[in-house]
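S.K.: So that we are looking at the same thing, I have put the structure below in structure tokens.
The values are calculated or read from the model by the stated rules, or taken from the named source; none is laboratory data. Because the structure is a prediction, the values reported are computed rather than measured. Here the Cβ positions follow ideal geometry from the backbone for every residue, glycine too, while neighbour counts run over all protein chains shown.
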Amino acid sequence: MLPTLPATSDYLNLSYRPDLATLVVRWLRAVSFAEVQEGFRAAREMSYSFGAARWLVDVRRRTELDAASSGWVATTLLPSVAAEAAPAVLHIAYLLSPARADMLEQDGGMRATTATARAHPSYQLQLFLDEGEAVNWLMG
């Protein structure tokens, strides 16, 4: 059994919105790769317990993103979550700050990882700067 993380820690807030049938994953600060793994494993457990096939992932407060941790999320974690959600299609809306969106465009490794995630056949992923637009896409 994977270790469980409280719904709120010093670096992550997890909640389930029953009115939207959406798991909300809010990163509260910069995190290490181990914290990314621990936090997303806890999100996976919560998602499974609620049968949530919609995720809103808020990374606006994370000051660092790297291709290694993002690659693990895109190619290992999310395909596993998508398989567990089947036959529902997993939809993930990433909420970014404008500075983070600029970084994704300028960093070659992050650009490649983002392209891989957006084109992955087992889930749907989109990037947003506005939370309302992200929620609308998830509900669409």
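S.K.: Listed residues R62, R100, R118; which is in contact with a strand residue (DSSP E or B) (Cβ under 8 Å, 6 or more places away or on another chain), charged (D, E, K, R) and touching a residue at least 12 places away in the same chain (Cβ under 8 Å)?
M.R.: After ruling out the rest, the residue left standing is R62.
S.K.: Any residue that is part of a loop (DSSP other than H, G, I, E, B), without any contact (Cβ under 8 Å) to a residue 40 or more places away in the chain and among the β-branched types (V, I, T) - is there at least one of those in the stretch 27-35? Reasoning before the result, please.
M.R.: From the stretch 27-35, those part of a loop (DSSP other than H, G, I, E, B) are 28-32; that's our starting set.
When the remaining residues are screened for being without any contact (Cβ under 8 Å) to a residue 40 or more places away in the chain, the result is 28-32.
Checking the rest, the ones that are also among the β-branched types (V, I, T) come to 31.
Looking through the stretch 27-35, at least one residue is part of a loop (DSSP other than H, G, I, E, B), without any contact (Cβ under 8 Å) to a residue 40 or more places away in the chain and among the β-branched types (V, I, T).
S.K.: Which one of these is in contact with a strand residue (DSSP E or B) (Cβ under 6 Å, 6 or more places away or on another chain), crowded, with 17+ Cβ neighbours inside 10 Å and either among the β-branched types (V, I, T) or at pLDDT below 95 (or both): V24, V73, V31?
M.R.: Going through V24, V73, V31 in turn, just one is in contact with a strand residue (DSSP E or B) (Cβ under 6 Å, 6 or more places away or on another chain), crowded, with 17+ Cβ neighbours inside 10 Å and either among the β-branched types (V, I, T) or at pLDDT below 95 (or both): V24.
S.K.: Quick one: in the stretch 101-126, which of the residues that are touching a Lys or Arg at 6+ places or on another chain (Cβ under 7 Å) and in a helix (DSSP H, G or I) is nearest to L28 (Cα to Cα)?
M.R.: Checked the stretch 101-126; the qualifying residue nearest to L28 (Cα to Cα) is L104.
S.K.: Still on this model: In the stretch 83-100, what residues are farther than 19 Å from D58 by Cα, small (G, A, S) and in a helix (DSSP H, G or I)?
M.R.: Here is the first cut: in the stretch 83-100, the ones farther than 19 Å from D58 by Cα are 83-89.
In the following step, the residues that additionally are small (G, A, S) were identified as 83, 85-86, 88.
Residues satisfying the conditions are A83, A85.
S.K.: Follow-up. Taking the criterion of being buried (at least 17 other Cβ atoms within 10 Å of the Cβ) and among the β-branched types (V, I, T), would at least one residue in the stretch 87-98 satisfy it?
M.R.: Yes, the conditions are met somewhere in the stretch 87-98.
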